[in-house]
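A.B. asks: Here's a structure for you.
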Amino acid sequence: MIKRLMVANRGEIAVRIIRSCKELGIETVAVYSTADKDALHVRLADIAVCIGPPKSAQSYLSVPALITTAVRTGCEAVHPGVGFLSENSNFAREVKKAGLIWIGPDPDVIDLLGDKVTARDTALKYGLPVTPGSPGPIAKKDEAVAVARECGYPVIIKAASGGGGKGMRIVWKDDDLEENLTIASNEALANFSDGTVYIEKYLQNPRHVELQVIADGKGGVAILGERDCSVQRNHQKLIEESPSPGVTPAMRDAMSSGARNLFSSLKYCGAGTIEFLVVGEAFYFMEVNARIQVEHPVSEFVTGTDLIREQILVCCGQPMTIDPDNVQLSGWSIEARINALSPGKVTRLDVPGGPGVRFDSFLYTGATVSPHYDSMVGKLIVHDSDRQKALTKLLRAIDELEIDGVPVNTETQKKILSSAIFRSGQFGTGIYAQLEATL
């Protein structure tokens, strides 16, 4: 087993990775920008190295700085976390070229799945249904108009790389295509160093359902249930739960069968997520996130699995501790993302507790929330025997969570979780818009 690993990321995911590494007996190297010099992941790691100024392009997205740091500190592996370079095949190749282990799928597999245009073609090849859309990247208005008219409005422009709602625009008519193509491409370039975009038919108010996968690179694939991520604002997920209240056993089996075939055929290695849009009993492949996901804790709760540990083990050539043919799901888990409404310094932090309550965060009393990065400062996750009990527990936990000095979105989360439509379980990605007037 490896002895030292570099975490090429920041925030709560860096903290999460470091904690699993400590339990595996692996030393960690943290990287940080000058804005993060006092960050929790810097304090928890065995070694911490500053790699640049606050701007991501000069720090967390700087491949030369990251590779140099990993080599000079004697690391044997690099974990990319989420966002930043986590699905960048060029970075993965540079890691491997330096003689290091990449904690993720092979770069060639990332090329097939990390890029969402290519992923659609790959999904079709292995028999998964996809939403109508462009056969490849779209750069010109004439091409966009032709695809949009063939699909039928509304359509959605999406970044081929990345996720989290960046580089996405919904378009309802020809006249708005050119401007939104430019906006989406520029946003994608700024966030993922790749301005490639494509177009799909925009399904109105579908469910957003994804399957958690761990694969060993040899054809072994474990499907650890599904997550419902339909509660979103501007394509940014707010609340996730497992299982999905809108997925039947027959749908789960069909989605799992397709996912297993895809990941097994590609000899996928590590953690990954396959995402679907669901309308009624029909489901359509949307994308694969060739990395760990922000919302992985709900899958950990319902399966009793440390997904970061499993990810590291399989990428280092160790066997999965999960039996792919005997994954047991237990109870219900719900996660609420805690987002800062403005930057600031945390003057007080009280974290909720009790059975089945978990708070993943980089916050501590005195921590600074920087204006330079994503607004998510933590995730509050609960687990109980059924959905109603989990929901009651999460509302109680939110009431106990106190973050002074930095305004956060807990009141909005409470209103969503308390709403009749969320409690009913009968909702899609339009739920935020339906509730917005009351939030």
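Nothing in this text is a laboratory measurement; each read-out follows from the coordinates by a stated rule. Bear in mind that the values here come from a model prediction, so they are computed numbers and not experimental data. Positions of Cβ are backbone-derived with ideal geometry, glycine not excepted, and every protein chain shown enters the neighbour counts.
A.B. asks: Consider the candidate values [x] 163; [y] 131; [z] 175; state which one is volume of the Cα convex hull per residue in Å³ computed from the structure displayed.
C.D. replies: So the structure-derived entry is [y].
A.B. asks: Considering Cα pairs under 8 angstrom that are at least six residues apart, work out the relative contact order of the chain and quote it in whole percent.
C.D. replies: Rounded, it is 14 percent for the chain.
A.B. asks: How do ASP36, ASP108 rank when sorted from fewest to most other Cβ atoms within 10 Å of their own Cβ?
C.D. replies: Ordered from fewest to most neighbouring Cβ atoms within 10 Å, ASP36, ASP108 come out as ASP108, ASP36.
A.B. asks: Would you work out the charge dipole size for the stretch 108-165 about its Cα centre, treating the Cβ of every Lys and Arg as +1 and the Cβ of every Asp and Glu as -1, and quote it to the nearest 20 debye?
C.D. replies: With Lys and Arg at +1 and Asp and Glu at -1, about 200 debye.
A.B. asks: A further question follows. Cα centroid distance between the stretch 100-178 and the stretch 259-325, in Å?
C.D. replies: So the two Cα centres are separated by 21 Å.
A.B. asks: Take the alpha carbon atoms of the stretch 53-73, find their center, do the same for the stretch 207-223, and report the distance between the two centers in whole angstrom.
C.D. replies: What the calculation gives is 30 Å, centre to centre.
A.B. asks: Lysines near LYS3 by alpha-carbon distance under 20 Å, same-chain residues fewer than 8 away left out - which ones?
C.D. replies: Leaving aside lysines fewer than 8 places away in the same chain, those within reach of LYS3 are LYS22, LYS96, LYS97.
A.B. asks: Calculate, in nm to one decimal, what ASP404 and LYS55 gain on full extension: separation in residues at 0.36 nm each, minus their alpha carbon distance.
C.D. replies: 123.0 nm
A.B. asks: In straight Cα distance, which lysines are under 19 Å from LYS173, not counting same-chain residues fewer than 8 positions off?
C.D. replies: Counting by Cα, and skipping residues close in sequence, LYS173 has these lysines nearby: LYS140, LYS141, LYS158, LYS201.
A.B. asks: Rounded to the nearest 500 deg cm²/dmol, what is the calculated helix-only ellipticity per residue at 222 nm for the chain, with -39500 (n - 2.57) per DSSP H run of length n ≥ 4?
C.D. replies: -10000 deg cm²/dmol
A.B. asks: Put a dot 7 Å past each Cα toward the Cβ at LEU189 and SER418; how far apart are the dots in nm?
C.D. replies: Once both label points are built, they end up 4.6 nm from each other.
A.B. asks: What is the spin-label model distance, in nm, from ASN205 to LEU439 if the labels are put 7 Å beyond Cα along the C-beta direction?
C.D. replies: Those two pseudo-labels are separated by 1.6 nm.
A.B. asks: Sort the following peptides by mean Cβ neighbour count (other Cβ atoms within 10 Å, averaged over residues), highest first: 232-239, 353-360, 297-304.
C.D. replies: Descending mean neighbour count gives 297-304, 232-239, 353-360.
A.B. asks: Could you tell me the number of lysine pairs in the stretch 207-438 with C-alpha atoms less than 27 Å from each other, where the two lysines are 8 or more residues apart or belong to different chains?
C.D. replies: Close lysine pairs found across the stretch 207-438: 18.
A.B. asks: Sort 204-211, 220-227, 193-200 by the packing proxy (mean of other Cβ within 10 Å over each peptide's residues), most packed first.
C.D. replies: Highest-to-lowest ranking by the protection proxy: 220-227, 193-200, 204-211.
A.B. asks: Can you check what the net charge comes to around CYS50, using other residues whose Cβ is under 10 Å from the Cβ of CYS50 (Lys, Arg +1; Asp, Glu -1)?
C.D. replies: 0
A.B. asks: Tell me, TYR202, TYR153, TYR268 in order of fewest to most beta-carbon neighbours within 10 Å?
C.D. replies: Going from sparsest to densest Cβ surroundings: TYR153, TYR202, TYR268.
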